[in-house]
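Undergrad: Mind having a look at this structure? Questions to follow.
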Amino acid sequence: MMGRWSCASVVALSGLLAVAASASAECAWVLWSQVHNPNPGPWTLQTAYPGMKACARALDAREKEAKKATYVTEDGRKINGIADRRAETDLFQLYGRDASNGGVAWQCFPDTVDPRTAKGK
């Protein structure tokens, strides 16, 4: 009799762990930005999304806009922007041909990650 209860407990616990794991995979994702002029500034929270795919679609739209953008430098020159899509959740928008003109980093992180916090040693 004790064996049946033990087996049932293990099965129930395994089911709960599987549900918890899939729920955590579907957590909210947050889009952050970081202006580079040309050095990186602080991270700024932009928008939360219900999942990673929705946040990645927001980056898709920013990438499309970045590819069409034209910037005017302080000396009046017009330069085309460049979108550097490093990963599905990572976009760097350059204000010109290289990072010397600055740009904006866009990054999607799970809602459990805050890029403003100090990283461990």
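The values are calculated or read from the model by the stated rules, or taken from the named source; none is laboratory data. In this text the structure is predicted, and so the values were computed from the model without any measurement. Neighbour counts run over all protein chains shown; Cβ positions are idealised from the backbone, glycine included.
Undergrad: Among the numbered criteria (1) in contact with a Lys or Arg (Cβ under 8 Å, 6 or more places away or on another chain); (2) surrounded by fewer than 18 Cβ atoms within 10 Å (Cβ to Cβ), which one does Ala83 miss?
TA: Ala83 satisfies every listed condition except (2).
Undergrad: Moving on to the next point. Buried (at least 16 other Cβ atoms within 10 Å of the Cβ), within 13 Å of the chain's Cα centre (by Cα) and at pLDDT 95 or above: is that true of Thr89 in this structure?
TA: Here the answer is yes, as Thr89 does meet what is asked.
Undergrad: Now for a different question. Name the single residue that is surrounded by the fewest Cβ atoms within 10 Å (Cβ to Cβ) among those in region 92-119 being farther than 17 Å from Asn37 by Cα and among the hydrophobic types (A, V, I, L, M, F, W, C).
TA: Across region 92-119, the extreme among qualifying residues is Ala118.
Undergrad: List pairs: first in region 48-65 and within 15 Å of Gly81 (Cα to Cα), second not in a helix (DSSP H, G or I) and not polar (S, T, N, Q), Cβ under 7 Å, 6+ apart or cross-chain?
TA: Qualifying pairs under 7 Å: Arg62/Leu91; Arg62/Trp106; Glu63/Ala83; Glu63/Arg85; Glu63/Leu91.
Undergrad: On to the next question. Can you pull out every residue in region 57-86 that is more than 14 Å from the chain's Cα centre (by Cα) and assigned to a helix (DSSP H, G or I)?
TA: Those that are more than 14 Å from the chain's Cα centre (by Cα) and assigned to a helix (DSSP H, G or I): Lys64, Glu65, Ala66, Lys67, Lys68.
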